[in-house]
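The values are calculated or read from the model by the stated rules, or taken from the named source; none is laboratory data. Because the structure is predicted, anything quoted here is derived from the model rather than measured. Positions of Cβ are generated from backbone atoms using ideal geometry, with glycine treated the same way; all protein chains shown enter the neighbour counts. For the accessible areas, the whole protein counts, side chains as well, though only heavy atoms, and no ligand, DNA or RNA atoms are used. Shrake-Rupley method; radii C 1.70, N 1.55, O 1.52, S 1.80 Å.
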Amino acid sequence: MKSSVRKKGVQELFSVINPYFGRVFFISLFTNLLVLTPSLYMLEVYDRVVNSRSHLTLLMLTILVIGLYVVLELLEWVRSRHMHEGALRLDTVLKNPVFHAIFSARLQGAQPGSIQPLNDLKAIRDFLPSLPMLSMLDVPLALFILVLLFLINPLLGWFAVGGAVVQAGIGFVNGRLTNDHLQEANKHALSSRNYADSAVRNAQVIESMAMLPGIHERWHKMQQTFLRNQAIASDYAGGSSALSRMVQMLQGSLLLGVGGWLALQGLIGGSMMIVGSILGGRLLAPIVQIITGWRQVESAHESYKRLHFLLETYPMPEKGMSLPAPKGELRVEGVFAGPPGTNLQVLKGIQFSLSPGDSLAVIGPSAAGKTTLARLLVGIWPAFQGKVRLDGVDIFSWNKEDLGPHIGYLPQDVELFEGTIAENIARFNEIDDDKVEKACQDVGIGQFINTLPERYATQIGTDGAFLSGGQRQRIGLARAIYGSPRFVVLDEPDSSLDEAGDASLLDLLMHLKQEGTTVIVITQRNNLIRALDFMLILIDGKVQKFGPREEIVASMKPKPKAAPAPDPPAVVSIPGGIR
């Protein structure tokens, strides 16, 4: 039932273009009639002007034809413009769901978590007003021309049907030959682009360790595979297009020949012979345009299928009832969890609870599941089983737009975005200068920012490229506590801090506790652990110990060994007895 609801939602998203198709099809009725203007003009000139030898008739017919040509071009422009508007309307409706789906896919580690769907949306948007798309709308109307040919003479009609069948066969074979190669080309183009993007992001590592030749060689192989498949598809498409145009020209000549034979037999007039040839060529014109632009048709179809699957898999969440701001009461109820999209269980039956204002240190060896736990606590990943509840509400299903301002999160790898310091700290929402300055003062970076020429308006570059590791981490901390959230999760917040940064972090933790904020810190540093109330030891995805910090620390201290018993006095045996 749930799947059918999702499909219906996706179909409704794409259905916004249907009214534009209907209106363009209606306009096409008139454009397809008006393209017969040259044929009708020729017929009238032969039948009326030549026989009547009237200059006035010729003048009036010419003026009428010029007017019809102007109307035809205006309607063609309106038709194209209308499809442009439909494409923009589709883009307006789809861009938010597509962006959300990309974001959701990235959060869950799925393959579509890249910008490729945005390229797919652009491909569909560009295809809608294209000539192949408009020619598809003309194909049904070509039946009208076929009827006219049958009315002129059934033999002309059957010759036109034969040409249409041949063109359809060319189109079918073209699709079969190019489809697989185009799919392979698109797949390898995406892989090549993603690999190149990854290499550019890690340019410093590649340059420092002379990895560029190997990286370039691997990218070159991907690119060559893409280009080879694209070239094969282009060759097939080019051959089919040339064959299709040849059939169109050949049919026009054959119809002219058949019309001439019929005229010699006295079955049709001489003018109808030429009209039949023109109509036959017009009949095949839409099919030729579709075959010529088949690569664009196939590319748009593949983009549609990918977008449809993406939106069906990651639909926009329905906005539920707004909930009151959380107070910070946390309950983790028998959680089993791991990376989304896998069956790997990283956390196994995690269970604990915190009251508002409590602070917790989470410690454990590498690969114990600490970062996975942090992602569950802030609602990034769902649990396989069990729930993480904040104030009694499942945090994963809580609308993030409502919950986000009340949560602070610092990931292990601090991610900043191109923009100003203030924009990053204010989470790219409306900037409250007082809150921004307060957050920076609390994390101890305010003095550094005041030394910058543009202070909080300083651009930090992509991913904070103009900042040191410690500065990025402090700005990430300021972002996490911006707006005084009630629940804060910090994943190794001291990994890039110096001694002064550690001292500021300790002051920050004490300040958060005084404000009644529920704080969870993943750390291995004893000085941070001593500043927190509770302690949780995580080993192999299981809670080994949880409780007040003093009790956990005391239980971990080695018990003193009992003093060994004194040795018994030595007995000396003197041979021969005592003398």
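Table for the structure above
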item	result
Qualifying positions in region 512-532 - among the basic types (Lys, Arg) and in a loop (DSSP other than H, G, I, E, B)	525, 530
Selected residue [within 30 Å of residue 536 (Cβ to Cβ) and among the charged types (D, E, K, R)] from 331, 295	331
Number of positions in region 384-419 that are touching an Asp or Glu at 6+ places or on another chain (Cβ under 9 Å), without any contact (Cβ under 8 Å) to a residue 60 or more places away in the chain and of a type in the set (A, V, I, L, M)	1
Only one of 91, 47 that is more than 53 Å from the chain's Cα centre (by Cα), part of a helix (DSSP H, G or I) and among the charged types (D, E, K, R)	47
Candidates 416, 477, 452, filtered to the one that is in a loop (DSSP other than H, G, I, E, B), under 22 Å from residue 520 (Cα atoms) and open to solvent by less than 50 Å² (accessible area, probe 1.4 Å)	416
Selection count where residues are open to solvent by 10 Å² or more (accessible area, probe 1.4 Å) and assigned to a helix (DSSP H, G or I), scope region 480-501	3
Candidates 335, 346, filtered to the one that is in contact (Cβ under 8 Å) with a residue 60 or more places away in the chain and among the β-branched types (Val, Ile, Thr)	346
Test: residue in region 122-144 that is among the β-branched types (Val, Ile, Thr), more than 29 Å from residue 89 (Cβ to Cβ) and either in contact (Cβ under 8 Å) with a residue 40 or more places away in the chain or touching a helix residue (DSSP H, G or I) at 6+ places or on another chain (Cβ under 7 Å) (or both)	no
Selection status of residue 353, open to solvent by 50 Å² or more (accessible area, probe 1.4 Å) and either among the aliphatic types (A, V, I, L, M) or in a loop (DSSP other than H, G, I, E, B) (or both)	no
Answer residue from region 533-552, given it is part of a loop (DSSP other than H, G, I, E, B) and under 40 Å from the mean Cα position of the chain (by Cα) and is surrounded by the fewest Cβ atoms within 10 Å (Cβ to Cβ) among those	540
Hey, residue 366 assigned to a loop (DSSP other than H, G, I, E, B) and either of a type in the set (S, T, N, Q) or closer than 30 Å to residue 174 by Cβ (or both) or not	yes
Count - residues of region 385-401 that are surrounded by 16 or more Cβ atoms within 10 Å (Cβ to Cβ) and either within 27 Å of the chain's Cα centre (by Cα) or under 15 Å from residue 491 (Cβ atoms) (or both)	3
Verdict on residue 504 being part of a helix (DSSP H, G or I), crowded, with 16+ Cβ neighbours inside 10 Å, among the polar types (S, T, N, Q) and touching a Lys or Arg at 6+ places or on another chain (Cβ under 8 Å)	yes
Top-ranked residue in region 112-155 [being acidic (Asp, Glu) and open to solvent by less than 30 Å² (accessible area, probe 1.4 Å); ranked as modelled with the lowest pLDDT]	138
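Each row is one residue, and each column tells you yes or no for (1) touching a Ser or Thr at 6+ places or on another chain (Cβ under 7 Å); (2) surrounded by fewer than 15 Cβ atoms within 10 Å (Cβ to Cβ); (3) modelled with pLDDT of 80 or more.
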| position | (1), (2), (3) |
| --- | --- |
| 276 | no, no, no |
| 304 | no, no, yes |
| 322 | no, yes, no |
| 361 | yes, no, yes |
| 370 | no, no, yes |
